[in-house]
Amino acid sequence: MSGSGIQPADFGFFSALATAGSLSAAARELGITTPAVSKHLASMESRMGVTLVNRTTRRMSLTPEGEVYLEHARRILSDIDGLEQLIHGATTSARGLLRVNATPGFGRSHIAPLVSKFIFGHPGVEVQLQLSVNPPPLTEDAFDVCIRFGSPPDARVIARQIAPNRRLLCASPVYIAKHGLPEVPRDLTRHHCIGIRQGDEAYGVWRLTSGCGRFSTTELVKTRGNLTTNDGEIAVNWALDGHGILMRAEWDIERYLKSGRLVQVLPQCHTPDANIHAVYPKRHQNAGRVRAFVEFITRSLTPNLAP
């Protein structure tokens, strides 16, 4: 393949073509005719000496070479956009559509109010906030920024910690007065534990670590109970009503611990990391709107959620 095979002008064209999903849809998006799209694509493939797209009557699909080309083309386009943002200034150049995803409880209580404040300072950005229990799939166009607990083990995204957070065990004084306090993790098997089914976490199994460093020990406790939900707010209310022991993020129960309506259980034990991260595709790392939003929520959340 000669060096003249790849031309910068092709990057935007091919990205639009891949997003559209068909030659005719790409033609409508680009404002040209379908034969013109076909001719441009054929010219690209001829210059590069490879087939980028498998064509059918109604649909098209990218070849392995096309997938590689698309990945790098979008990365280059993102870098160009990032360079423009840097030159013109992050605040003034933060513009365009920003799709944010968060969990329902945290999204309502923390992210939605921050989006409201963010828009006042960045009127050129259009924010779409979606709340879902499970994170969206890691597709090309699923989201721009996703607010999640814990760092996702996926190399296709960047996970930046925006605030510390712990999961704590708690129960109401009413429940403790009736059933007593567990002293060690295995005592939980004799208690009513409120279950939360969220994400891909193992349901009904609590991982508790005691001690520090090489002297630490970790136990997997199979819990039981007669109440289960996929909504954290409901689970907290059940705990407040005295129905059992709950494992919940500190941000969600801190006010009840301070007021005494909930009491921490097994405070000597640690649960798996639940720090709050802003997750976004690598191709968006230099986009002004993403960078501005992540910086804003990091500054806003950290002072409020720091333990």
Amide hydrogen neighbours beyond the local backbone of Ile276, cut-off 5 Å, H modeled: Gly150, Ile162, Ala163, Asn165
Förster-model FRET efficiency, 30 Å R0, Ile234 and Gln268, C-beta, rounded to 0.05: 0.60
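Tell me whether the stretch 1-40 comes out rounded, prolate or oblate; compute the Cα gyration tensor, take square roots of the eigenvalues as a ≥ b ≥ c, and use a/c under 1.5 as the rounded threshold. It would help to have the intermediate numbers written out before the result.
Numbers: a/c = 2.54, a/b = 1.96, b/c = 1.30.
Prolate.
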Spin-label model distance (nm) - Glu71 vs Ala42, 7 Å beyond Cα toward Cβ: 3.0
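Just to verify a number: FRET efficiency for Ile32 and Thr218, C-beta to C-beta distance, R0 = 51 Å, to 0.05? Present the calculation step by step, with values, prior to reporting the outcome.
On the way: r = 60 Å, r/R0 = 1.18.
The computed FRET efficiency comes out at 0.25.
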Calculated from backbone phi, Karplus (6.51, -1.76, 1.60) coupling profile of the stretch 8-23 in Hz, x at Gly/Pro: x, 5, 6, 4, x, 4, 5, 5, 5, 5, 5, 5, 5, x, 7, 5
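Just so you know, all these numbers are worked out from the coordinates, no wet-lab data involved. Just so it is clear, the structure is predicted and the values come from calculations on it, not from any experiment. Neighbour counts run over all protein chains shown; Cβ positions are idealised from the backbone, glycine included.
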